[in-house]
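The block underneath contains the structure these notes are about, expressed in structure tokens.
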Amino acid sequence: MSDLREIAEKLIVEHTLSREEWQRLLEHRDREITERIRSAARRETDRIFGRQVFVRGLIEFTNICKKDCYYCGIRKSNSCVERYRLTEEEILSCCKDGYEAGLRTFVLQGGEDGYFTEERICSLVSEIHTKYQDCAITLSVGEWKRESYERFFSAGAERFLLRQETANAEHYGKLHPANQPYETRMECLRNLKDIGYQTGCGFLVGSPYQTTDCIIEDLLFLERFRPQMVGIGPFLPAKNTPFEAKKAGSSELTLFLLSAIRLSLPEVLLPATTALGTARSDGRLQGLLHGANVIMPNLSPTRVRDKYALYDNKVHSGNEAAEHLEALRKELEKEEFTVAISRGDSPGFAK
Ligand code: 5AD
């Protein structure tokens, strides 16, 4: 087995590692290697995207969900959640605010809410698509049959986010009830990519029962699947869920994995997520400094932001809020980043 430093150089130059090499790197990395990988990841990001940060307006349009993921604060069985759903007018008004603030991507994210049928989602997407022709629409609405994904795509949704959460089937089974099989998630991901969506997947860092092997499987899965986007964030416990007393995932490991993913898939769109920004106050900036290139300011009406609580203590009134985009811009300028007013497509999908 080669020396740790050689493994790091291989990742930086060849963008790929074997299972054994990932294991060595994850288990034995020291500060020097970690910093070497961080700076290489940032350099790679600069090479591909420059200092431009892409922004996406996140609209959390419903917190009603028929799924029962053990980690998630808005799971069906959590009876302590005050449920809401935005009206079509409210959603369109979020888009209007976002457009005026300079956002050119809208991410419609919600629980799997039966009210939002295929027809309703299609009509919402096509309305936004018609009104904002220079914008990209991203859906993050969970698991559907292939035909539904096809109809959303025809209606104008070009991107879809669906994290695999964990690429290890056995681990997946410990995070989800038996009626939410791993195979369904994987089939959805394959369908999305096959239809032609810019597809985003990703995983929880430090979720209960996760081992180093699970993380390695996630990294190998990403390399095989080649998504256009990858969202990762630390697991954060949520009250009134089976995992409420479990310990939070490490933000340090999340940052390291952001760098590792940037090196493994150089062109991938990589957000510095809200969960990372919740785990530590400088989380999103650190994310960018570790190779992330996307930030997703919250466009949801302020009255519902607290209710879309996937985990506890979610940040919601600072620079992650879309109404403070100007403040975010100033904060990023200090680190010589600029906020792009563009759709921010994956390089392979440039319009
Ligand atoms: N901690 C961190 N992230 C979570 N998500 C859901 N629940 C939690 C939690 N407790 C993430 C999942 C999901 C995304 C929308 O939010 O990875 O895919």
What is the total of Lys pairs in the range 91-217 with C-alpha atoms under 27 Å apart, excluding same-chain pairs fewer than 8 positions apart? 5
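I need the Kirkwood Rh of the range 212-351: take the reciprocal of the average 1/r across all distinct C-alpha pairs and report it in angstrom. All intermediate terms of the calculation are to be shown ahead of the outcome.
Details: mean 1/r = 0.0618 Å⁻¹.
Its Kirkwood hydrodynamic radius stands at 16.2 Å.
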Send over a whole-number figure in Å² for the accessible area per residue of the range 75-152, probe 1.4 Å. 45
Mean-square fluctuation maximum in Gaussian network of the chain, Cα pairs under 10 Å, restricted to L255, L328, L270, hits L328
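Computed FRET efficiency, Cβ-Cβ of E100 and K239, R0 51 Å: what is it to the nearest 0.05?
Numbers: r = 35 Å, r/R0 = 0.70.
The calculated FRET efficiency here is 0.90.
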Multiply the residue separation of R280 and K334 by 0.36 nm, subtract the distance between their alpha-carbon atoms, and state the gained length in nm to one decimal. 17.5 nm
Go ahead and set up a Gaussian network model of the chain, Cα springs under 10 Å, then flag whichever of Q164, Q228, Q23 fluctuates most. Q23
Of all accessible heavy-atom area on the chain, the percent that carbon and sulfur account for (1.4 Å): 48
Heads up, the range 64-193 by the C-alpha gyration tensor (a ≥ b ≥ c square roots of eigenvalues; a/c under 1.5 rounded, else a/b over b/c prolate, else oblate) looks prolate
How about the chain: what cysteines have no other cysteine beta carbon under 4.7 Å from their own? C65, C80, C94, C95, C122, C135, C188, C201, C214
The range 202-220 and the range 1-39 have their Cα centres apart by a whole-number Å value of 17
Rounded to one decimal in nm, the spacing of the 7 Å Cα→Cβ label points at A350 and K66 is 4.2
Dimensionless Rg/Rh of the chain - Kirkwood Rh, Rg from C-alpha atoms: 0.94
Ordering R329, R280 from largest to smallest accessible area (1.4 angstrom probe), what's the sequence? R280, R329
Quick one: how many Å² of V268 are accessible to a 1.4 Å probe, rounded to 10? 10
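Hey, what's the range 204-351 come to in accessible area per residue, 1.4 Å probe, Å²? The partial results should precede the final answer.
Working: 5670 Å² over 148 residues.
On a per-residue basis, the range 204-351 sits at 38 Å².
Could you sort E100, E165 by their accessible area in this structure, using a 1.4 Å probe and putting the largest first?
Numbers: E100 130, E165 25 Å².
Result of the area sort, largest leading: E100, E165.
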Order the following by accessible area, largest value first: K193, K174. Probe radius 1.4 Å; ligands, DNA and RNA are ignored. K174, K193
Counting pairs of Cα atoms in the range 1-157, how many percent are more than 21 Å apart? 62
What length, rounded to one decimal in nm, is gained on full extension from R226 through to Y209, with 0.36 nm per residue of separation minus their alpha-carbon distance? 3.6 nm
As a test, work out the antiparallel percent of DSSP beta bridges whose residues both lie in the chain, rounded to the nearest 5. 5
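The values are calculated or read from the model by the stated rules, or taken from the named source; none is laboratory data. All values derive from a computational prediction rather than experimental measurement. Don't worry about glycine lacking a Cβ; one is built from the backbone with ideal geometry, like all the others, and counts go over all protein chains shown. Quick note on the areas: whole protein, heavy atoms, side chains included, nothing else; ligands and nucleic acids left out. Shrake-Rupley method; radii C 1.70, N 1.55, O 1.52, S 1.80 Å.
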